[in-house]
Amino acid sequence: MITVNENLCKGCNLCTEFCPQKVYKESKKLDKKGIHVPAPVDEEKCKKCGLCALMCPDQAIKVEEDEDEE
Amino acid sequence: MVKGESPFMKYLRRDRLPTIFCAGCGNGIVMNTFFNGMEMAEVDFDNLILVSGIGCSSRIPGYVACDSLHTTHGRPISFATGIKLANPEHDVAVFSGDGDAAAIGGNHLIHGARRNIDITVICINNSIYGMTGGQISPTSPKGSYGTTAPYGALERPFSLADLVTAAGGTYVARWTTAHPVQLSKAIKYGLQNKGFSFIEVISQCPTYYGRKNKLRSPIDMLNWMKESSINKRRADKMEEEELQGKIIVGEFQKKPEPEFAEKLCKLLEEQCVTGKPTAIRSAYQED
Ligand SMILES: Cc1ncc(C[n+]2csc(CCOP(=O)(O)OP(=O)(O)O)c2C)c(N)n1
Ligand code: SF4
Ligand code: SF4
Ligand code: SF4
Ligand SMILES: [Mg+2]
């Protein structure tokens, strides 16, 4: 499960660009703070490598193992 | 850990978030890699003291939920030296910018390295003075633009990793924010090294460096770092012209040597009645 915290995300899109699996998609719409918060639209492609969480400059991302895989 | 929360949130003062850093600034990536390296080195978070000078990068310790000191511009290594000598049992790390560490604080940097005092300096080198609006720093590449160099910088930049190696640092590495895994490992080794460790992080300031140097977005800046990086082992075999515009990454020094605080403690043991640095809970000691 991937969570993007809307209160912390600044919309830099480093996650969108650097996820090796291209899981995230740039958002077209603005949130209430005027930020394009990306969404993990292709989550099933995620390999849980954790790179996005390590790179997100605003600590907005959490990648969890899926419960059924545990 | 709260569900859906970053694994690094437990180290942060969440009431101060989001940070003041611009969107996509490298400072936040360096924070993550520091926590990652700290976990790998098994440093006790409660025993850690972070010290910084002045600059955007120097704001980092203020967001971290451990003891910290936000000091004057260029002086964090001096304050860190004081902390370490008052109680050598603490793990002490410094966050400093290229301006902070290499311009106003250049002397403290070389003498900290020369002494080989056991502190870990993380130098966030964004090649510019970010906080004050984009002036040229001692690491701005020749020809790069800044508010103080509208026609491009004329001087040659310092290679900080080489400078600190020459000055006597005992663990020295350079990585970029586009290499967060390697950078975390270097921070781990830096924290483990008993001596002066220097981790230079080539980082992005999209707001000032990027905007003035045709690298408008943080994505452009990270792609530039990725494409220009070349490992030191390979670079050592290449000619100077081939290395024009390249960022040499990897380990520059890994050579244990006697450490300063230990030498001082030994001297105290031999020459002084208490046998210990005076700030170690001396008020509670009977003698
Ligand atoms: C004694 C002193 N001189 C000058 C300044 C102004 N000043 C504040 S931050 C800074 C440079 C910061 O650059 P750097 O260390 O590279 O940090 P960055 O903001 O790029 O992370 C300067 C010159 C100051 N605060 N104190
Ligand atoms: S990297 Fe973090 S801050 Fe940047 S867009 Fe992605 S979630 Fe938001
Ligand atoms: S964990 Fe790895 S694969 Fe999954 S979204 Fe993050 S970067 Fe992409
Ligand atoms: S001015 Fe530059 S260094 Fe400072 S927070 Fe913004 S992007 Fe980061
Ligand atoms: Mg700087």
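Calculate the radius of gyration of the Cα atoms of the protein assembly as shown to one decimal place, then report Dmax, the largest Cα-Cα distance, as a whole number, both in Å.
Over the protein assembly as shown's Cα set, Rg and Dmax evaluate to 21.0, 70 Å.
Using a cut-off of 19 Å between alpha-carbon atoms, which lysines can reach A:Lys29, once sequence neighbours fewer than 8 places away in the same chain are excluded?
Within reach: A:Lys10.
Work out from phi, with θ = phi - 60° and the Karplus expression 6.51 cos²θ - 1.76 cosθ + 1.60, the ³J(HN,Hα) of each residue of segment B:224-230, listed in order in whole Hz, and give x for Gly and Pro.
Result, rounded to whole Hz: 4, 5, 4, 5, 8, 7, 9.
Take the alpha carbon atoms of segment B:61-86, find their center, do the same for segment A:10-57, and report the distance between the two centers in whole angstrom.
Result: 34 Å between the Cα centres.
Quick check: the angle from helix B:106-115's long axis to the longest principal axis of chain B, C-alpha only, nearest 10 degrees?
Between helix and principal axis, roughly 50 degrees.
Per residue of the protein assembly as shown, what 222 nm ellipticity follows from adding -39500 (n - 2.57) for every DSSP H run with n ≥ 4, rounded to the nearest 500?
Details: 10 runs with 93 residues, N = 357.
Theoretical 222 nm ellipticity from helices: -7500 deg cm²/dmol.
Scaled to the compact-protein estimate 2.2 N^0.38 Å, what is the alpha-carbon radius of gyration of segment A:2-63, rounded to two decimal places?
Compactness ratio reported: 1.00.
When the label point is put 7 Å from the Cα of B:Asp44 along its Cα-to-beta-carbon vector, which residues of segment B:72-95 have a backbone N closer than 16 Å?
Counting backbone N atoms under 16 Å from the label point, the list is B:87-93.
List, in the order given, every pair from B:Lys194/B:Lys263; A:Lys45/B:Lys232; A:Lys22/A:Lys48; B:Lys142/B:Lys246 whose Cα-Cα distance in the structure shown is over 23 Å.
Too far apart for the 23 Å limit: A:Lys45/B:Lys232.
Give me the Debye-computed log₁₀ of I(q)/I(0) at q = 0.21, 0.23 Å⁻¹ for segment B:1-121, equal point scatterers on Cα only, no solvent, two decimals.
Taken in order of the listed q values, log10 I(q)/I(0) reads -1.26, -1.44.
Report, in degrees rounded to the nearest 10, the 0 to 90 angle that the Cα long axis of helix B:27-40 makes with the longest principal axis of chain B.
Compared with the principal axis, the helix lies near 40 degrees.
Per-residue HN-Hα couplings for segment B:60-76, Karplus 6.51 cos²θ - 1.76 cosθ + 1.60 at θ = phi - 60°, whole Hz, x for Gly and Pro?
3, x, x, 9, 9, 7, 10, 5, 8, 9, 9, 9, 8, 4, x, 10, x
Can you work out the Karplus-derived ³J(HN,Hα) for every residue in segment B:269-275? Use 6.51 cos²θ - 1.76 cosθ + 1.60 with θ = phi - 60°, whole Hz, and x for glycine or proline.
Values per residue, Gly and Pro as x: 4, 7, 10, 10, 5, 6, x Hz.
Between exposed GluC sites (Glu not before Pro) in chain B, where DSSP calls loop and at most 11 other Cβ atoms lie within 10 Å, what's the longest gap?
Counting at most 11 other Cβ atoms within 10 Å as exposed, the longest clean stretch of chain B is B:156-238.
No lab work stands behind these numbers, since they all come straight from the coordinates. Note that the structure is predicted; figures quoted are calculated from it, not measured. Ideal geometry is used to build each Cβ from the backbone, glycine not excepted, and the neighbour counts take in all protein chains shown.
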